[in-house]
Amino acid sequence: MSSKGKLAIYWAASCGGCEIAILALNEKILDVANAFDIVFCPCIMDTKVRDVERWPDQYVDVCLFNGGIRTSEQEYMAQLLRAKSKVLVAFGSCAMEGCIPGLANLTKRQEIFETVYCESPSTDNRGRVLPLPEVQCDGHHLSLPVFYDMVRTLDQAVKVDYALPGCPPEAPRIWDAVVAILEGKLPAPGSVLGATTTCCDECPRTRTEKKIKEFKRLWQVVPDPNTCLLEQGLICCGPATRAGCGARCPQVNSPCIGCYGPNAGVEDFGARLMAALASVIDSQDPEEIDRIIREGIPDPVGTFYRFSLAGGLLRRAALVPDAERHELPLPSPIAQA
Amino acid sequence: MTTQRISIDPITRLEGHGKIDIFLTPKGDVAEAYLQVPELRGFERFCVGRLAEDMPNLTARICGVCPEAHHIASAKALDALFHVDPPPTAKKLREMFYCIFFATDHTTHFYALGGPDFILGPDAPPEQRNILGVIQKVGMDIAGRVLKMRRDGHNLIEMIGGRKVHPNWALPGGVSRGINEEQRKEIEALGRDAIEFAQFSLNLFHEQVLGNRAYLQLITSEAYTHRTYNMGTVDGNNHVNFYDGLIRVVGPDGREHAKYPARDYREYVAEHVEPWSYLKFPFLKKIGWKGFVDGEDSGLYKATPLSRLNAADGMATPLAQKEYERMYDALGHALGQTYRAPVCHRALGRTGHGSGDYRHRVSRIAHGHAG
C-alpha cells in the first residue's frame, strides 16, 4: 500500500484551463506525483465515476474541484467528491465565484435553450427539438443531466474548505497551495488561499493621481506602456482584484479583467470596483458624472461582474415570473443566501 | 431488442465532458452507440449584451485547453465587425502566437491525452494509461524533453499574450503589444528547438505506432474507418494554414466540394439538434443532414487536425511537407498528381478538437464542450 496522499481533480461547469494550469507546474508536477497518488482527473486519466462511487468516505486527502454547478450531474459530483474527500478546494474562479459561465445568470434556461437550439443563425431546427433529461431513442433509454436555471458556485452546493482564486490559478500559486498542504500549514478552513494585496500592488506601471473625465473603450486609445491604465481612462479591474497573477495583463498593455476575484475582505467584487472607479471621476456635477458613466460603461454588469456574478451579492438577474416558471424549479433559491 | 449496455462515463483524456453508451445485440455485436455531451453553458446567449471587444476574453473560456483559438477567432471576427485590416506585423504576431499554441497543444495531446493508448498499449491497466505512466515507460530523458517543450511553449504564449492560459491580448485590428528584439531572438531559438522536438516525436510515432503491425492493422481496419467530408483552412496554394485563408472542404474521395471565406459560413454549414445531447451536430448545408451515416451523400464532415491535412494539397514548409508525404505514403493512397486520397482512419484523428466523428450514432465531440 502506498503511504502517499490521494489527490482528486475534477471539472464541473468549467473550461479545462484549470487542468492546463496544473500541467503548467511543469517539472513540479513530478513532485506532486511523488507526494500524491492522483486518483481521479478525467482530463488526463481513465478513472470513471463508478470507481469514485466505490471508494469509502474520506478516501481522498485533497480534492481540487474546478467549475461551477450548472447541471444535476455537476451537483451530484460535488456531493460525491465532498463525501469522498477530507479537504475540498474550490479551485479557480468558476468554483469560487462562477466566472464567465456565471454570466448565464443574467438569463434563464428557457432563453438559453431558445437561443442555442432554435434561434442562433446557423441552427437548422424547424421542429424545435430540445435536449431532454430523459429520451427514448430507437428503443434505448438515454438520459442527460438536468440543466438548472442558474449557475451556483461550489460553496453554494456543498461545504467547501478552501478556495484558490484565478482564471485559471497561476502555477506558482498552485504550488504554494500544494506546499501548504504537504507541510500541514493550511490556514483556518474557509480561507481563500491567496494574497491579501491587490493586482495594483503587483503592477509595474507608475501611478500618480487618478482624475479622469471619460472612460475609454479598448479600441479608442493606444495606451502609454508605462503609466496606470485606469489613469488613461481604461477600465482596469486592478484596484478590486486580488493579487496573485503578477499583474500579467497590464504588462501586455491590457487592463486587468478581474479574473483573480475580489481582494481579501471584499464580499462583492462589483461594488468594490464601482467604488474605485467612482473615486477617480473628475467632476462634482451629478449630470456630468451620470454622462461619464453612461457613455463610458455601456455594459455595467459585464464590466463589474464579469467573473463574480454567481458568487457575489447579486447572484443573478431577477426572474420575471412567467408561465414556464412552473416547469423550471430553482435548485437553490437565492433567498437561501 | 438489445440485451446489454456498456457505459463509459465520463470519457477521459480529452478536454470537455462526454459519456458513451453502447447497446449490444444478444449476439454481442454493437447495435447502436451514443456519444452524449452532458453539458452546456450558454455562451451564445450570455455573450449577447456584452462589449464586442470583450469577446476575445469571454469566448476564450469556451475551452481553457485551446483558449488561443477562441481568442484569435474572436479577434478576427472583430476585425470584420470594425471593418479594419490589421497591419502586417500584427497579423504575423497573431499567426506566430497561434502556431506556438498549436505546437504546444499538440505536444499535450500526443504525450498526455492520446499518446498513452499507443505508448502504453491498449491493454495496459487503466490506472497506468496516463502521462505519468508514459513518463515511467519512456524514461526521464524523453519526459524531460516533453516537459521542456510544454514549458517553453507556455512561457512564450505568456510572454506574447499575457498569460499561459487565457491570453488578454488580441484587439479589433491588431494586438495590444508587440515584441522586442530580445524576445524575437528567444522565440526564434525556441522555435528551432520545437522543430527538432517535432521531428523526434514524429520518429517516435513512426516507430511506436506505424512500426507496430498490430496497431497499424487496428487503425486501418474498417472499424476505425470513416469516410466523410473534410474541412480545413488553406492558403493560396491550397496548403495548410493555421491562421488565415479560405475554408476548403473536400469529399470522401478528396475532390473539392467547396472553398469559401469564413464570413460566408452560413451558406455552407448548419447545425442539427438531437434530444439526447447538449451538443449540436454541424453538417454541410448543400448536402444536407442525412443522419449518422458517412459517405459522399451525407453532410457530415470532420474539422480536425487530420481533416486539415486531408482538405489541403500539402504543407507550406518543406520539412512539414516531407512528413506529410511520409504519413500519406503509410496510410493513404495517391490518387493523382494534385491531391491524395484522404486518410479516413479515426484512431489517428484527434478527438477533442472540433472532430466530426460518427459511427453508428456516435455524436460529434467538438471540444467535448457544448458552448
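Before moving on, here are some points about what is shown:
- Here is how the number arises for the protein assembly as shown: DSSP H runs of 4 or more residues each give -39500 (n - 2.57), the sum is divided by the residue count, and the result at 222 nm is -9000 deg cm²/dmol.
- Solvent-free Debye scattering, log10 I(q)/I(0), computed from the Cα coordinates of segment B:223-306 at q = 0.14, 0.18, 0.24, 0.26 Å⁻¹: -0.48, -0.79, -1.25, -1.37
- With at most 15 other Cβ atoms within 10 Å, longest stretch of chain A clear of loop GluC sites (Glu not before Pro) (DSSP): A:28-182
- Across every pair of non-identical alpha carbons in chain A, the mean reciprocal distance, once inverted, gives a Kirkwood radius of 21.8 Å.
- Cβ neighbours within 10 Å from other chains - mean over B:55-67: 6
- Gyration tensor verdict on segment A:1-109 (Cα atoms; rounded if a/c is under 1.5, prolate if a/b is larger than b/c, oblate otherwise): oblate
- Here segment B:136-216 was treated as a single set of alpha-carbon atoms; its pair distances binned every 5 Å from 0 give 3, 12, 16, 18, 16, 12, 9, 7, 5, 2, 0 percent.
- For segment A:265-307, the set of chymotrypsin sites (Phe, Trp or Tyr not before Pro) satisfying both a DSSP loop assignment and a count of at most 11 other C-beta atoms within 10 Å is empty.
- The charge dipole of segment B:135-223, taken about its Cα centre with unit charges on the Cβ of Lys, Arg, Asp and Glu (plus for the first two, minus for the last two), comes to roughly 240 debye.
- Look at the stretch A:34-40: the mean tally of other chain Cβ atoms within 10 Å of its residues' Cβ atoms is 1.
- Of B:Cys66, B:Cys99, B:Cys47, the one that fluctuates the most in a GNM where chain B has Cα springs shorter than 10 Å: B:Cys47
- Share of pairwise Cα separations in chain B, more than 31 Å, in percent: 37
- Build a GNM of chain A with springs between Cα atoms under 10 Å apart, and of A:Val39, A:Val151, A:Val116 the one that fluctuates most is A:Val116.
- Overall dimensions of segment A:144-297 as given by Cα atoms, namely Rg and Dmax in Å: 18.2, 57
- Annotation: for a label point projected 7 angstrom from Cα along Cα→Cβ of B:Arg5, residues of segment A:45-84 with backbone N closer than 17 Å are A:49-50, A:73.
- Contact order relative to length of segment A:1-150, as percent, for alpha carbon pairs under 8 angstrom and 6 or more apart: 23
- For segment A:95-217, the Cα gyration tensor yields ellipsoid semi-axes of 41, 26, 12 Å (square root of five times each eigenvalue, largest first, whole Å).
- Stretched out straight at 0.36 nm per residue, the stretch from B:Arg192 to B:Asp123 would grow longer than its current Cα-Cα span by 21.2 nm.
- Using C-alpha pairs under 8 Å with a sequence gap of at least 6, the mean separation divided by the residue count of chain A gives a relative contact order of 18 percent.
- The trypsin sites (Lys or Arg not before Pro) found in segment A:136-179 that occupy coil by DSSP, while having at most 12 further C-beta atoms within 10 Å, are A:Lys159.
- Simple point charges give the picture: +1 on the Cβ of Lys and Arg, -1 on the Cβ of Asp and Glu, and for the protein assembly as shown a dipole about the Cα centre of about 360 debye.
- Across segment B:1-119, the relative contact order, built from alpha-carbon pairs under 8 Å that are at least six residues apart, equals 16 percent.
- Among the listed pairs A:Lys48/A:Lys86; A:Lys48/B:Lys27; A:Lys213/B:Lys76; A:Lys28/B:Lys137, those beyond 24 Å (Cα-Cα): A:Lys48/B:Lys27; A:Lys213/B:Lys76
- Listed residues B:Gly295, B:Gly49, B:Gly139, most fluctuating in chain B (Gaussian network, C-alpha, under 10 Å): B:Gly49
- Each 20 Å bin from zero holds the following percent of Cα-Cα pairs in the protein assembly as shown: 17, 53, 28, 2, 0.
- In this Cβ point-charge picture (+1 for Lys and Arg, -1 for Asp and Glu), segment A:1-97 has a dipole of about 180 debye about its Cα centre.
- Shielding of B:285-296 by partner chains, average beta-carbon count, 10 Å: 0
- Global form of segment B:173-278, assessed from the alpha-carbon gyration tensor, a/c cut-off 1.5: oblate
- Rounded, prolate or oblate (a/c below 1.5 giving rounded, otherwise prolate when a/b exceeds b/c) for segment A:220-321 by Cα gyration tensor: oblate
- Restricting segment B:203-275 to trypsin sites (Lys or Arg not before Pro) that sit in a DSSP loop and have at most 13 other Cβ atoms within 10 Å of their own Cβ leaves B:Arg255.
Since every read-out is calculated from the coordinates, none of them should be taken as a lab result. Model, not experiment: these values are computed from the prediction. Cβ sites come from the backbone with ideal geometry, for glycine too, and all protein chains shown count toward neighbours.
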